[in-house]
1. Which lysines does Lys87 reach when only Cα atoms under 22 Å apart count, and residues fewer than 8 places away in its own chain are ignored?
2. Starting from 0.36 nm per residue, how many nanometres of slack lie between Phe30 and Met64 once their C-alpha separation is accounted for?
3. In what order do Thr2, Thr139, Thr147, Thr12 fall by count of nearby beta-carbon atoms within 10 Å, going from fewest to most?
4. In terms of the Cα gyration tensor, with a ≥ b ≥ c the square roots of its eigenvalues, is the chain rounded because a/c is under 1.5, prolate because a/b exceeds b/c, or oblate?
5. ³J(HN,Hα) across segment 87-104 via Karplus (A = 6.51, B = -1.76, C = 1.60, θ = phi - 60°), whole Hz, x for Gly/Pro?
6. With a ≥ b ≥ c the root eigenvalues of the C-alpha gyration tensor of segment 1-103, is it rounded (a/c under 1.5), prolate (a/b larger than b/c) or oblate?
7. Relative to a virtual label point 7 Å from the Cα of Ala111 in the Cα→beta-carbon direction, which members of segment 149-172 show backbone nitrogen distances below 16 Å?
8. For the chain, modelled as a Gaussian network with Cα springs under 10 Å, which listed residue fluctuates most, Ala159, Ala111, Ala180?
Amino acid sequence: MTLRKWWYLFWTTLLVGGVAAFIPGSILLFADRAFVADFTFGEYVFNLVQLFGAGLMFSVLSQMGFFAYLTLNYIALSIFRQPALWKTLQVIVILVVIFDLIYLPYSAEEASPLWTYVLLTVLLVGLSALMANWKVRMTNRTAWIPTMFFLVAATALEAVPALQENNWNGIVTMMIPLFACNAWQILKLHTLVGGRTQEQGS
């Protein structure tokens, strides 16, 4: 990947993160009746700017996770001579993450109802599968598992601070931009590095 291509990915991912935090965050902010009852226009604009700024920070976190995954993928492919072994390990990690997304928050004190964590996990896995199918159409079928691994595992790991707080407004405003940034990066990867990505199946 050239510096120019990395620069393009960096700025476009920043924009994706800012917009992906701004839109759902502004809707949640306006829906908070306790806030809306007393807000001034200036306060509302200030909070919207904060939301966009938070999205920019989430996008940087997403990019750190993305390059960490690329490094991990490179090392794993060097260690596991059979690509099937690395893909099997990724599937196992995906299953563990799915279980943890449901069980760990629900087992904590003051947990929300079980169905909320199930719904969150189903949405994450379902949207990840859609992005993985899209990635396969653009590259080849070997990209499905790596794409699922990155979108499910990396998004869940990056969103741990919000998940630990068990605040659904925080979870939504953090996970949406993280997922959007992760999806953008993994879908653009093959266009930036060319044939090597397809050979590695990511």
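Every read-out reported here was derived from the displayed coordinates using simple, explicitly stated rules and does not represent laboratory data. Just so you know, these numbers come straight off a predicted model, no measurement behind them. Heads up, the Cβs are rebuilt from the backbone with ideal geometry, glycines too, and the neighbour counts pull from every protein chain shown.
1. Filter leaves Lys135, Lys188.
2. 9.1 nm
3. Values: Thr2 9, Thr139 20, Thr147 25, Thr12 15.
So the ranking, lowest neighbour count to highest, is Thr2, Thr12, Thr139, Thr147.
4. Oblate, since a/c reaches 1.5 and b/c is not below a/b.
5. Computed from phi, the couplings for segment 87-104 are 5, 4, 5, 5, 4, 4, 4, 4, 5, 5, 5, 4, 4, 5, 4, 8, 6, 4 Hz.
6. Taking the square roots of the gyration eigenvalues as a ≥ b ≥ c, segment 1-103 is oblate.
7. 163-168
8. Among Ala159, Ala111, Ala180, the largest mean-square fluctuation in the Gaussian network model of the chain belongs to Ala111.
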